[in-house]
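Taking it in order: structure first as structure tokens, then the write-up.
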Amino acid sequence: MGDFGYKHSDRAGPIKGGTVNGPRWVVLAAALGLVGAVVPTTASARSQQQPSPDSEVGVTGDTIRIAVIADVDNAARPGLFQGSVNGVNAFAKFVNANGGLAGRRVQVDFIDSKLSSDEARNALVQACQQDFAIVGTTALFMNNIEPMTSCADKAGKVTGLPDVPVLQTEIEHQCSPISYPVIVVGLDCATKDAAEKRVTVSTGPPKYFSKRNKGLHGPFLLAGDLRSTVNSGLPIVKVNGEYGIKSDGEPKVSGLSPQAAYTPIVQDMKAKGSTYAQNIVDYKADVFLRREAQAQGVSTVRVWDCALQCYDQRLLSEGGSAVEGQYVSLFFVPFEEARQNKSVNNYLKNVGGRDQADGFGAQAWAAGLFFRDVVNNVVKADGNNGLTRARFLEEAAKIHDFTADGMLGPTDVGGRKISGCGVILRVKGGKFVRVTPTKKGTIDCSGGTKTVRVRFE
């Protein structure tokens, strides 16, 4: 039994137990109407034309084009978000093998944002012109979303380019009225311009760790290359403090930093006798931190904490014995339990196996399934040729219990509310092993959420 509370199996349908609470980056989505689709024919006043199969930008009689925009080719972290690209491609492979969507096959256009704000903006312009929607967006420099929000549909009306992102670091992207992240972020957008912002954070991990380890304290490593990535970590520091996990400091590291950059961080940990450390950067930062701690003989830390970014086979292969005992918290059923969860199994089969899967890829897969569900809802109401961006946005806002076919706990994607559901793993014997909840194939949803006020940099 787990310590978050409510259990979720991989079966679709009603789930008994606790509830998911807490607003996330609350954004008001405007309802966009579908303009008339039935036109009288010249041949007979009694007969009517069906809507055109070329109903929208990126939609033809046999194809729906979607874009995945991700930072892949770059000097700092080559292949950084390749997992997201793989996840969207896996989704397309899966859905096409099962009849496609709206009577059409799904075509994926990968556009590399290359860790560049200019490339990210250019990618949005390109996607607006050629794709129906963007799915699995994983771009750190998405700070100018005007090409997305001002994107015109096939009729020339500004409806926006539907976005189902994996990652939202910039406030502008977090507060986009046409973005529906599957793993919702927690900014209250009514406070986005305030000195102190309201942010809601999932509290399962800090509750779990503080309950079992009194008086935890240590550093929280922040990604220092961007103000937005620094700010995304500050609410986590604040919430952990609310549960008694004290910060010994928030050192900033760069994506280009070598292991030597972690030497003073670990020296400070030794001096303060730190019992906790959380990495809010990437898996590579965790490898460097743990290697350096091993080299310096750090022995006081009881909890090495990380989230989805550390759920990566490279953490194990590159970290070796240094990453033993590492905790990793997830929002979804882990890959190691594919036998217990059909959606996880489908992801692994279509992405090319466990070695090609990572946490970002799993989110991108889930984003694809959300896209599928919304399209199917449009088709149910309007038929195969009723698919438009405006109707997609209308239907996306109505989905409040999304589970990615049982991979996630119930999530209010349409309402953009953060989920308190999760799973905690630990590295044991060079493998990721479930810690809580203990039953395979389940997710705990009693961890809850907490809203805090945070002053961003």
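The values are calculated or read from the model by the stated rules, or taken from the named source; none is laboratory data. In this text the structure is predicted, and so the values were computed from the model without any measurement. We place every Cβ from the backbone using ideal geometry, glycine too, and count neighbours over all the protein chains shown. Please note that ligands, DNA and RNA were not included when accessible areas were found on the heavy atoms of the full protein model with its side chains. Shrake-Rupley method; radii C 1.70, N 1.55, O 1.52, S 1.80 Å.
Please count how many residues of the range 154-169 are in contact (Cβ under 8 Å) with a residue 40 or more places away in the chain and open to solvent by less than 30 Å² (accessible area, probe 1.4 Å).
Residues that pass the stated criteria total 9.
Being open to solvent by 30 Å² or more (accessible area, probe 1.4 Å) and either at pLDDT below 95 or within 28 Å of the chain's Cα centre (by Cα) (or both) is the requirement here; does Lys272 meet it?
In short, no.
Return the residue satisfying two criteria in turn: it lies in the range 90-129 and is on the phi < 0 side of the Ramachandran plot and assigned to a loop (DSSP other than H, G, I, E, B), and of such residues it is surrounded by the most Cβ atoms within 10 Å (Cβ to Cβ).
Top of the filtered list is Ser113.
What number of residues within the range 406-424 satisfy the criterion of being closer than 24 Å to Asn345 by Cα, surrounded by 21 or more Cβ atoms within 10 Å (Cβ to Cβ) and not hydroxyl-bearing (Ser, Thr, Tyr)?
Residues flagged as closer than 24 Å to Asn345 by Cα, surrounded by 21 or more Cβ atoms within 10 Å (Cβ to Cβ) and not hydroxyl-bearing (Ser, Thr, Tyr) within the range 406-424 amount to 10.
Please find, among Val287, Val298, the residue that is more than 30 Å from Ala195 (Cα to Cα) and either open to solvent by 30 Å² or more (accessible area, probe 1.4 Å) or small (Gly, Ala, Ser) (or both).
Exactly one of Val287, Val298 is more than 30 Å from Ala195 (Cα to Cα) and either open to solvent by 30 Å² or more (accessible area, probe 1.4 Å) or small (Gly, Ala, Ser) (or both), namely Val298.
Does Leu222 fit the bill of being crowded, with 23+ Cβ neighbours inside 10 Å and under 22 Å from Asn74 (Cα atoms)?
yes
Restricting to the range 191-229, count the residues that are at positive phi and basic (Lys, Arg).
Looking only at that region, the number is 0.
Inside the range 281-394, counting only helices (runs of 4 or more DSSP H) that do not spill past its ends, which hold 2 or more residues that are charged (D, E, K, R) and farther than 23 Å from Gly422 by Cα?
Where helices (runs of 4 or more DSSP H) fall fully within the range 281-394 and carry at least 2 residues being charged (D, E, K, R) and farther than 23 Å from Gly422 by Cα, they are 283-296, 359-382.
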